[in-house]
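First the structure, in the form of structure tokens, and then the observations on it.
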Amino acid sequence: MADKEATVYIVDLGATMGETRGGRSESNLDWGMRYVWDKISTTVAASRKTWKVGVLGLRTDTTSNSLQDDQGYDNIAVLQDIDAMSLTAMRKLSSKIMPSKTIDGDAVSAIIVAVEMITVAAPARLKFNRKIVLVTDGRGAIDGDDFDDLAHRINELGIQLVVIGVDFDDAEYGFKEENKSKTKSDNGRKQAQNETLLSALVEKCNNGVVGTLAEAIDEMQKPNVKVTRPYKTYDGPLTLGDPKTFDGALSINIERYFLTKHASPPSATTVVVRSESEDGATQSTHTIDEMGDVEMANVDYNAVRNERVYTVDDPTRLGGKREVEFEDLEKGYEYGRTAVHISTSDLNVTQLQTVKDFSILGFITRANAEPYLNMGESCIIMPRRFSEADELAFSALVQAMVDTETCAVARLVAKDMKDPVMLLLLPTVTSEHVCLYDVPLPFAEDVRSYPFPPLDKVITANGTVLTKHRLLPADDLNQAMSDYVDAMDISVFGADEDGQPAEYADLQDNYSPIIYRINKAVGFRAVHPTEPYTQNDNEFVTRFDHPPEELVQKAKSQIAELIRAADVKKVPPKAKGRAGRDARMNKPISGLDIDALLGGGANKGPVIKKEGDELRKISPDNAIPEFKQALASTVSVKQIEGFAEQMGRIIESLIASSTGEVNYSRASENMRVMREELISLEEPGIYNTFITGLKERLVSEKLGGPRLDMWWTVRLSGLGLITSNESDQSTVTEEAAKEFLRPKTA
């Protein structure tokens, strides 16, 4: 395939292209330009200077072409000469695409002008892919007298002629315009005759295509797969054994090429809105992206250049920092909390002294080559071209691997001093070629093994095997699942070109939605910088996001039976808002008493009475868990106040009985739990009342003498008043809370 391309798009701008036909909401011109803009934007996105594009207007109000002095080339204008396409050129071109006020202009004459444009821009002596695309409604005059000479010239230059007609009939595609007008122009030529004339010209060309625009639009929706040019990654011997040591070692000269490459969405580059300096001159720009320096011709934006500055501590300099050059830096490796310096000369000991080599280390059976190993980029290995000895030896090796159902494990060093990689070689023999495919093998650390219990049995702690258990599916559930899987089988749900059953989710039709969406959005915004982007994914991208609706309808009975056998229940909606007391009182779906199962129910242990309510007594030795369990069983604010009062007395007891600061940490932890629980219960006032009283007792030395050191612990732990920022029910401000934490003496 040639690296150079020259394409001329002939766009019919006649007055009839401004009409809206076929029940569409957009004009014929806008509909046809959807195809042209898509192709041009794809060329711009490729950023290949050797892909050149020209645009020619047909049935224009003015005449501007190289053959305008000759008769029959009126109303044909060159909108853009054949040249590398850019975003700026696209936007200039878009302002010229509008319906004219005339219906005069010959499509065949426009094709002749396009041929001359290609002859100048891509001479026959150069290797080019040449293409002419005509988009028209066929409602203008067509002169069909010189088709033979024109077709001969097109074939001589190797030009592909593509004619795309608006509302053209296409029996193969299944499109036919009803009530087709009898005339296409004032000369009375029938529409069917115009289509026949253009089809006759295409048939005379060796590489010609004619079709209806509806089909072209549908094909345009199909994502384009980027074809990466295969390039050689290794050229040298493939060895089995050491030929330098053993006479019987195998050495075959091979060539290795890339086969599949990882596809990723285009990356974005940081830009800034372009501004003008005081003298009116625009600022100079530098464009940097992941691929290096590229041109940014957009007049609205400047690219951003990142600049990195390295500094070291220097107390003698202003600001305590001193800049250093990148060349003065040395590498240091972390060893614990220390940086260890290794000089560049010493780093050689950390690099393998490898030489170019491709050797087979051993063989494994094909059954042991797990599918997950084949997940990386792949390459194809072929024998060296024009070497019969290597072709024969390579074919024998591959055929032997196929017969024995084995794969090879090989070590590859692509060139000297490069890190070696381990590859799995898979033999393939077809009617077209004999080759080896290779995929990189993962490291042992890259493989994650997750053991799961068996699905058909339960093994108890003493080794007993149970086949009937509450965790195992019953016979009716197994049968329901089996029927459901059979009913949802998509292996033959699709259809091939002949209408025969075929794979529904063919791998060749499975595209990446991310790459498709970004490319479409960027292409649309390039042509329409101000219009809102409203395009949605098409069927090619979304068809595998969900099961086919027809298949789901056919499996309705199996789905209902599976729901019944599995006892599927709808999960209640998640409670909105803050988790308060009511949220804690929600009963589990199972209806089980969780407190009773855990042995921590509210009725366990001694009780005390407060204002008629019986409250569980919290033990000072196990205060935190019992306090949490007690609050979980509360149904009123009085009960919460009672449990908080108990916890408060326990905290004050710990402070009063503390020898020095021994119990301060334990008391502060109890306060932290008490504070968090009351915030979650939306009762900050109870804690604020407690902490206010605690401070008064500490200041008045009523807790076993002077205990202001405990207040210092409260300040450091952030256990002061609950503010309105922490709880909506609190009225304490941040300033008031800070003032409260300041110690005061009695």
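The values are calculated or read from the model by the stated rules, or taken from the named source; none is laboratory data. Just so it is clear, the structure is predicted and the values come from calculations on it, not from any experiment. Cβ coordinates were reconstructed from backbone atoms using ideal geometry, including for glycine residues, and neighbour counts include every protein chain displayed.
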(message) Take the residues in the stretch 18-31 that are out of contact with any Lys or Arg (no Cβ under 8 Å at 6 or more places or on another chain) and more than 16 Å from HIS528 (Cβ to Cβ); name whichever of them is modelled with the lowest pLDDT.
(response) GLY22
(message) Checking THR196 against (1) more than 22 Å from ASP30 (Cα to Cα); (2) at pLDDT below 80; (3) part of a helix (DSSP H, G or I), only one condition comes out false. Which one?
(response) (2)
(request) Return yes or no: is ARG139 out of contact with any strand residue (DSSP E or B) (no Cβ under 8 Å at 6 or more places or on another chain), crowded, with 20+ Cβ neighbours inside 10 Å, in the same structural domain as GLU215 (by TED's automatic domain parsing) and not small (Gly, Ala, Ser)? (result) yes
(request) Please tell me if ASP38 is surrounded by 16 or more Cβ atoms within 10 Å (Cβ to Cβ) and charged (D, E, K, R). (result) yes
(request) Could you tell me which residue of the stretch 497-525 is modelled with the highest pLDDT, considering only residues that are touching a Phe, Trp or Tyr at 6+ places or on another chain (Cβ under 9 Å) and of a type in the set (A, V, I, L, M, F, W, C)? (result) ALA502
(request) Consider only pairs whose beta carbons are under 7 Å apart and that are at least six residues apart or on different chains; among these, list those whose first residue lies in the stretch 457-476 and is assigned by TED's automatic domain parsing to the domain that holds ARG564 and whose second residue is in a helix (DSSP H, G or I) and loosely packed, with under 12 Cβ neighbours inside 10 Å. (result) none
(request) Being without any contact (Cβ under 8 Å) to a residue 24 or more places away in the chain and crowded, with 16+ Cβ neighbours inside 10 Å is the filter here, so list the residues in the stretch 699-737 that pass it. (result) THR723, ALA737
(request) Give the number of residues within the stretch 662-698 that are outside any helix (DSSP H, G or I) and buried (at least 19 other Cβ atoms within 10 Å of the Cβ). (result) 2
(request) Residues being closer than 17 Å to GLN193 by Cα and aromatic (Phe, Trp, Tyr): count how many of those fall in the stretch 128-155. (result) 1
(request) Answer yes or no: is there a residue in the stretch 90-99 that is surrounded by 19 or more Cβ atoms within 10 Å (Cβ to Cβ) and over 39 Å from the mean Cα position of the chain (by Cα). (result) yes
(message) Restricting to the stretch 425-441, give me the number of residues that are under 15 Å from VAL402 (Cβ atoms), buried (at least 18 other Cβ atoms within 10 Å of the Cβ) and among the aliphatic types (A, V, I, L, M).
(response) 4
(message) Where the second residue is assigned to a loop (DSSP other than H, G, I, E, B) and not β-branched (Val, Ile, Thr) and the first is closer than 14 Å to VAL78 by Cα and lies in the stretch 90-105, which pairs have Cβ atoms under 6 Å and are six or more apart or on separate chains?
(response) GLY105/ARG59; GLY105/ASN75; GLY105/GLY140
(request) State yes or no: is ASP545 charged (D, E, K, R), in a loop (DSSP other than H, G, I, E, B) and under 30 Å from ALA268 (Cα atoms)? (result) yes
(message) Here's a check for you: in the stretch 452-502, which residue that is of a type in the set (Gly, Ala, Ser) and not in a loop (DSSP other than H, G, I, E, B) is nearest to ALA560 (Cα to Cα)?
(response) ALA480
(request) With respect to ILE103, determine if the residue is surrounded by 17 or more Cβ atoms within 10 Å (Cβ to Cβ), modelled with pLDDT under 90 and of a type in the set (A, V, I, L, M). (result) yes
(request) Test each condition in (1) closer than 21 Å to ARG153 by Cα; (2) surrounded by fewer than 19 Cβ atoms within 10 Å (Cβ to Cβ); (3) of a type in the set (Ser, Thr, Tyr) for SER27 and report the one that comes out false. (result) (1)
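Yes/no matrix, rows are residues, columns are (1) surrounded by 12 or more Cβ atoms within 10 Å (Cβ to Cβ); (2) out of contact with any Asp or Glu (no Cβ under 6 Å at 6 or more places or on another chain):
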| position | (1), (2) |
| --- | --- |
| GLY319 | no, yes |
| GLU325 | no, yes |
| GLN353 | no, yes |
| CYS379 | yes, no |
| ASP390 | yes, yes |
| PHE394 | yes, yes |
| VAL402 | yes, yes |
| GLU405 | no, yes |
(request) Please verify whether the stretch 538-552 includes one or more residues that are charged (D, E, K, R), more than 27 Å from ALA263 (Cβ to Cβ) and surrounded by fewer than 12 Cβ atoms within 10 Å (Cβ to Cβ). (result) yes
(request) Within the stretch 49-92, track down each residue that is more than 16 Å from ASP106 (Cβ to Cβ) and of a type in the set (S, T, N, Q). (result) THR50, GLN80, SER86, THR88
(request) Answer yes if at least one residue in the stretch 699-713 is assigned by TED's automatic domain parsing to the domain that holds ALA644, of a type in the set (Lys, Arg) and in a helix (DSSP H, G or I), and no otherwise. (result) no
(message) Looking for something surrounded by 11 or more Cβ atoms within 10 Å (Cβ to Cβ), without any contact (Cβ under 8 Å) to a residue 12 or more places away in the chain and over 20 Å from CYS435 (Cα atoms) - is there at least one such residue anywhere in the stretch 334-346?
(response) yes
(request) Hey, could you check the stretch 142-193 for residues that are aromatic (Phe, Trp, Tyr) and modelled with pLDDT of 80 or more and say which is surrounded by the most Cβ atoms within 10 Å (Cβ to Cβ)? (result) PHE168
(message) Quick check on VAL209: is it among the hydrophobic types (A, V, I, L, M, F, W, C), at pLDDT 85 or above, in a strand (DSSP E or B) and surrounded by fewer than 17 Cβ atoms within 10 Å (Cβ to Cβ)?
(response) yes
